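To start, the structure under review is shown below, and the notes come after it.
The values are calculated or read from the model by the stated rules, or taken from the named source; none is laboratory data. Predicted model only: the values in this text are computed from it and were never measured. Cβ atoms come from the backbone with ideal geometry, glycine included; neighbour counts cover every protein chain shown.
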Amino acid sequence: MPPHVAAFTDTYLPTVNGVTYTIRTWRKRWQNRGGRMDVVYPGADAHDPAPGEHPVRSLPFPFYENFHIGAPSVPSAVEDADIVHAHTPFGVGLGGLRLARDIDRPLVASYHTPTSEYAGYLAEGWLLDAVARAGNAYERWFLGRTDHVIAPSETARAALERRGVGPVSVVPNGVDTDRFVPTDATEFRARHDLPAEGTGPLVGYTGRHGFEKRLTDLVAAADGMDATFVLGGDGPARKTLQEEAAERDADVRFLGFLDREELGEFYSALDVFAFPSPVETQGLVALEAMACGTPVVGVNSGALTETIDDGKTGYHYEPGDIAGFRDALGRSLAERDGLSSTCRSRREAMSVEHSVDALAAVYDTVL
């Protein structure tokens with residue numbers, strides 16, 4: 001019988017992001033294997049908890065809309081867990097640390113997002129570096145109190161090990177290949193008033209519009225290109241991006257938040273997925289795009305250096321090189337059919353089932 005896992009996370013429904021999707025997908029697969037995985041998360045009125053979901057008291061986070069800070073509470077329903085798994089290191093994550101100590105159970109931590117990435121929500125200017133350094137110090141403190149750390153890529157593992165964190169195992173987040181599959185996107189294009197297939201190339205991105213994602217590079221690369229650029233999602237940088245797009249010689253459209261059910265159609269509608277973010281620990285949206293047969297152009301930094309197989313599933317460009325970004329997009333559009341074929345052939349290797357196999361191996365190790 002698989003062990004009973006108590007997952008503690010500072011981000012969960014109704015907040016929509018990669019951490020939420022990963023926890024939900026792993027939980028479902030764990031249950032399919034006969035295991036139990038409870039989730040402890042900041043409560044929010046907009047989400048009605050399902051069995052095994054345990055909201056704790058929370059307050060809105062003033063610097064980021066729809067995000068809540070949860071109390072480090074431990075619901076009684078998870079006090080008999082075999083393993084505690086912290087997906088984030090803050091309020092609710094500290095509750096996981098407390099539980100693991102109180103019941104003398106192993107603590108596993110997932111490294112989804114560098115803590116320093118949150119600095120942009122709390123400070124700017126000369127304070128930004130100081131807040132980022134404090135975040136890194138706190139992150140080392142938290143991870144140093146775990147029995148095992150999970151990183152979603154070899155790049156992320158190497159970065160943690162250079163900082164003295166360990167032991168670290170790679171467990172990719174994995175892609176739900178039942179959901180993300182090449183599909184007919186005709187209705188999606190019509191629904192969002194996008195050019196019909198065959199009338200011009202479509203380049204796009206979806207995800208949080210944060211300043212650290214460097215989406216301004218994407219808008220700059222669109223300048224003068226004979227393609228329609230579409231950005232799905234929302235975030236603090238959206239207004240800046242829209243203002244910059246209005247000054248460019250480019251067809252850039254903002255779709256706003258896309259329902260999870262639409263994402264397979266969105267990826268399939270694109271000729272190329274563009275990903276300029278240099279701060280990814282894996283880049284799950286890139287893998288989702290590839291699973292839908294869409295090649296990816298991404299910055300040659302962070303985990304995207306390994307997520308994208310250069311010349312096989314897309315192309316890289318060097319950080320800050322807008323001309324190189326534009327060239328890589330043009331090359332991917334020209335080679336789209338061959339790149340797409342390789343992406344499709346690698347769908348099985350991206351599957352979340354492989355990820356849960358690796359997760360189970362980590363749990364076996366700490367037990």
Residue, nearest to Thr155 (Cα to Cα), within segment 271-301, restricted to residues that are more than 15 Å from the chain's Cα centre (by Cα) and surrounded by fewer than 24 Cβ atoms within 10 Å (Cβ to Cβ): Ser301
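How many residues are on the phi > 0 side of the Ramachandran plot and over 23 Å from the mean Cα position of the chain (by Cα) if we restrict to segment 311-358?
Keep residues of segment 311-358 that are on the phi > 0 side of the Ramachandran plot, which gives 311, 314, 320.
This time we only want the ones that are over 23 Å from the mean Cα position of the chain (by Cα), so: 311.
The total comes to 1.
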Residue list for segment 176-223, restricted to those being within 30 Å of Asp129 (Cα to Cα) and free of Cβ contacts under 8 Å to residues at least 60 places away in the same chain: His209, Thr216, Val219
Count of segment 308-334 residues which are surrounded by 16 or more Cβ atoms within 10 Å (Cβ to Cβ), among the charged types (D, E, K, R) and closer than 16 Å to Val203 by Cβ: 2
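Return the residues of segment 169-185 that are assigned to a loop (DSSP other than H, G, I, E, B), more than 8 Å from Val352 (Cβ to Cβ) and not aromatic (Phe, Trp, Tyr); say none if nothing qualifies.
Those that are assigned to a loop (DSSP other than H, G, I, E, B), more than 8 Å from Val352 (Cβ to Cβ) and not aromatic (Phe, Trp, Tyr): Val171, Pro172, Asp178, Arg179, Val181, Pro182, Thr183, Asp184, Ala185.
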Some residue of segment 245-264 being surrounded by fewer than 18 Cβ atoms within 10 Å (Cβ to Cβ), free of Cβ contacts under 8 Å to residues at least 24 places away in the same chain and under 17 Å from the mean Cα position of the chain (by Cα): yes
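Are there helices (runs of 4 or more DSSP H) fully within segment 223-318 with at least 2 residues that are farther than 23 Å from Val171 by Cβ? List them. Outline the logic, then answer.
Working: elements: 238-246, 263-269, 284-291, 304-307.
Answer list for segment 223-318: 238-246, 263-269.
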Those residues of segment 218-272 which are at pLDDT 95 or above, of a type in the set (D, E, K, R), under 14 Å from Arg191 (Cβ atoms) and in contact with a helix residue (DSSP H, G or I) (Cβ under 7 Å, 6 or more places away or on another chain), in sequence order: Glu265
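Pull up segment 151-187, narrow it to residues that are among the β-branched types (Val, Ile, Thr) and in contact with a strand residue (DSSP E or B) (Cβ under 8 Å, 6 or more places away or on another chain), then point me to the one that is nearest to Arg140 (Cα to Cα).
Val165
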Among the residues listed as Ala81, Ala100, Ala109, the single one being under 30 Å from Phe211 (Cα atoms), crowded, with 20+ Cβ neighbours inside 10 Å and modelled with pLDDT of 95 or more: Ala109
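Right, Leu270: touching a Ser or Thr at 6+ places or on another chain (Cβ under 7 Å) and closer than 17 Å to Met225 by Cα or not? Let's see the steps before the verdict.
Numbers: touching a Ser or Thr at 6+ places or on another chain (Cβ under 7 Å): yes; closer than 17 Å to Met225 by Cα: yes.
Here the answer is yes, as Leu270 does meet what is asked.
Where in segment 1-66 are there strands (runs of 3 or more DSSP E), lying fully within it, with 3 or more residues that are modelled with pLDDT under 90 and of a type in the set (Val, Ile, Thr)?
Values: elements: 4-8, 36-42, 53-56, 58-60.
Hits in segment 1-66: none.
State yes or no: is Leu160 under 30 Å from Val366 (Cβ atoms) and part of a helix (DSSP H, G or I)?
Details: under 30 Å from Val366 (Cβ atoms): yes; part of a helix (DSSP H, G or I): yes.
It is true that Leu160 is under 30 Å from Val366 (Cβ atoms) and part of a helix (DSSP H, G or I).
Here's the yes/no breakdown for (1) in contact with a helix residue (DSSP H, G or I) (Cβ under 8 Å, 6 or more places away or on another chain); (2) modelled with pLDDT under 75; (3) not hydrophobic (A, V, I, L, M, F, W, C):
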{"position": "Tyr121", "(1), (2), (3)": "no, yes, yes"}
{"position": "Glu124", "(1), (2), (3)": "no, yes, yes"}
{"position": "Val131", "(1), (2), (3)": "yes, yes, no"}
{"position": "Phe142", "(1), (2), (3)": "yes, no, no"}
{"position": "His148", "(1), (2), (3)": "yes, no, yes"}
{"position": "Ala151", "(1), (2), (3)": "yes, no, no"}
{"position": "Ala156", "(1), (2), (3)": "no, no, no"}
{"position": "Glu161", "(1), (2), (3)": "no, no, yes"}
{"position": "Gly166", "(1), (2), (3)": "yes, no, yes"}
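Look at Thr305 and say whether it is buried (at least 19 other Cβ atoms within 10 Å of the Cβ) and farther than 19 Å from Thr228 by Cα. Give the steps one after another, and end with the answer.
Working: buried (at least 19 other Cβ atoms within 10 Å of the Cβ): no; farther than 19 Å from Thr228 by Cα: yes.
It is false that Thr305 is buried (at least 19 other Cβ atoms within 10 Å of the Cβ) and farther than 19 Å from Thr228 by Cα.
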